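Only one structure is covered here, and it is reproduced in the block below.
The values are calculated or read from the model by the stated rules, or taken from the named source; none is laboratory data. Since the model is a prediction, treat every value here as computed from it, not as a measurement. Cβ coordinates were reconstructed from backbone atoms using ideal geometry, including for glycine residues, and neighbour counts include every protein chain displayed.
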Amino acid sequence: MINYYYAIWHKYKFKKLFSDLYTVKNFTLLRNPYYLLNFDFFGLPIKTDELLLKSFKNEIYNFINAFNGHYKLEYINADIDRTDESADMMSKLFKILDAANLLQKNYIIIDEYDHFANELLSFRIESFKAIVSKTGFVRKFFEKIKDVAKSVIDGIFITGVNPITLDSIASGFNIAMNITLESEFNSAHGNAQIDRALQRG
């Protein structure tokens, strides 16, 4: 839903997508102004550390390619290589976007950010510690996003099961705010039934 509302790619389908909903007549200035970069880390294989790293890098590369395909930014592919580290891919992308001086701003959505990390927590705690450590590839990935927050990137929305992974990254991504338990977002995060139960006592 956030993708459809924020991404400029969906601008001309806005009325059709939201039909006769409240949103159509009461849209805000944030309706479809962004180049939106959408990541989804669900289902990354964790059988070995090497496989996870390779899969993570491939996903980053593929998402950047999809981003390029949506917005036809032909100059991106020339500088970003599948063999680059994920943080290096992001760094190159942000430098390209910054240099391009685009009229549209950029927004990032990361879905299931902690899915693979939670599996590691259950089965290989040392591997989890390694990927979120100071030199870990997950920490480095989020550090690059933090570096350009409020400059190249106008906003970031992350979904996941719990904040353990972000807490473990510590200063690598200390700009995040967990809104899951805030009452005004309950219905958006599946907590409405819990909230009603608490109100009933």
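Consider region 127-138 and keep the residues that are assigned to a loop (DSSP other than H, G, I, E, B) and among the polar types (S, T, N, Q). The one that is surrounded by the most Cβ atoms within 10 Å (Cβ to Cβ) is SER133.
Among the residues of region 19-40, just one is over 20 Å from GLY155 (Cβ atoms) and touching a helix residue (DSSP H, G or I) at 6+ places or on another chain (Cβ under 8 Å), namely VAL24. Out of curiosity, is TYR34 surrounded by 15 or more Cβ atoms within 10 Å (Cβ to Cβ) and out of contact with any Asp or Glu (no Cβ under 8 Å at 6 or more places or on another chain)? Spelling it out, it is not the case that TYR34 is surrounded by 15 or more Cβ atoms within 10 Å (Cβ to Cβ) and out of contact with any Asp or Glu (no Cβ under 8 Å at 6 or more places or on another chain).
Look at (1) under 28 Å from LEU97 (Cβ atoms); (2) loosely packed, with under 11 Cβ neighbours inside 10 Å and you find that ASN3 fails only one, number (2). For the residues LEU51, LEU17, LEU103, LEU73, the requirement of being hydrophobic (A, V, I, L, M, F, W, C), outside the structural domain of LYS146 (by TED's automatic domain parsing) and either over 19 Å from the mean Cα position of the chain (by Cα) or modelled with pLDDT of 85 or more (or both) singles out LEU17.
Name the single residue, out of those in region 127-155 being of a type in the set (A, V, I, L, M) and under 30 Å from ARG31 (Cβ atoms), that is nearest to the chain's Cα centre (by Cα). Filtering region 127-155 for residues that are of a type in the set (A, V, I, L, M) and under 30 Å from ARG31 (Cβ atoms), the one nearest to the chain's Cα centre (by Cα) comes out as ILE145. The set of residues from region 117-126 being surrounded by fewer than 19 Cβ atoms within 10 Å (Cβ to Cβ) and either under 16 Å from the mean Cα position of the chain (by Cα) or not hydrophobic (A, V, I, L, M, F, W, C) (or both) comprises ASN118, GLU119, SER122, ARG124, GLU126. The condition (being over 17 Å from HIS10 (Cα atoms), crowded, with 16+ Cβ neighbours inside 10 Å, charged (D, E, K, R) and touching a helix residue (DSSP H, G or I) at 6+ places or on another chain (Cβ under 9 Å)) is satisfied by just one residue among ASP49, ASP114, ASP98, ASP81: ASP114. Pairing each residue of region 141-170 that is within 22 Å of ASP88 (Cβ to Cβ) with any residue that is among the acidic types (Asp, Glu), provided the two are 6+ apart or on different chains, yields C-beta distances under 6 Å for VAL152/ASP98; THR165/ASP114.
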